[in-house]
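Notes for the one structure printed next.
The values are calculated or read from the model by the stated rules, or taken from the named source; none is laboratory data. Every value quoted in this text rests on a predicted model; they were computed, and no experiment measured them. A quick note on method: Cβ atoms are made from the backbone with ideal geometry, for glycine too, and the neighbour counts reach across all protein chains shown.
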Amino acid sequence: MNSRSWWRGFRRRLPHGDAGSAVVEVAIVTPVVIVLLLVVVALGRYSHGKLLVEQAAAAAARAASLTSSPYQASAAARRAAADTLAGAGLSCAGIEVAVDTGTFYAGGLVSATVTCSTDLSSLTLAGVPGSARVTSTSASPLETYRQLPAAGGS
């Protein structure tokens, strides 16, 4: 058996109607797979940002509960939230910290709500909006037997 007859027999067994169909399938499926991967990355970024904002809200509430006046509580909460988010590497377009000191007395609660606008603009190809607003609230109790200044002091 010479090499020419072997080649002719091999060519007869090859399918002739499917030539190039794999390339077309890959060309159609690839953009869909890329968009799905970008959506998964966007969801991961959002959930990571949500977790970090929850940690910042807990830190803000805790910092506020350790102060001796509502004014100091607000300032300490803002600092703690900003430091927590910056230390974690989350870049927020704007950080908003709202502190509820309505029950700021021994045995009361202080709550902090942290809102962060995270940047998702690098994922706009997948139809993801340019930014997402993430909000979390946390509360921390004030010590029951703690001496706090009178209501008029700061």
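For this structure, a couple of remarks:
Conditions tested, residue by residue: (1) in contact with a helix residue (DSSP H, G or I) (Cβ under 6 Å, 6 or more places away or on another chain); (2) among the hydrophobic types (A, V, I, L, M, F, W, C); (3) modelled with pLDDT of 85 or more.
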| site | (1), (2), (3) |
| --- | --- |
| LEU51 | no, yes, yes |
| ALA59 | yes, yes, yes |
| PRO70 | no, no, yes |
| ALA75 | no, yes, yes |
| ALA82 | no, yes, yes |
| ALA139 | yes, yes, yes |
| GLY153 | no, no, no |
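- Taking the range 39-52 as the range and being more than 8 Å from the chain's Cα centre (by Cα) and crowded, with 16+ Cβ neighbours inside 10 Å as the test, only ALA42 passes.
- For first residues located in the range 56-80 and assigned to a loop (DSSP other than H, G, I, E, B), partners that are of a type in the set (Val, Ile, Thr) and surrounded by fewer than 24 Cβ atoms within 10 Å (Cβ to Cβ) and lie 6+ apart or on another chain with Cβ distances below 9 Å form the pairs SER69/THR101.
- Check on ILE28, at pLDDT 65 or above, more than 17 Å from GLY130 (Cα to Cα), among the hydrophobic types (A, V, I, L, M, F, W, C) and surrounded by 11 or more Cβ atoms within 10 Å (Cβ to Cβ): no
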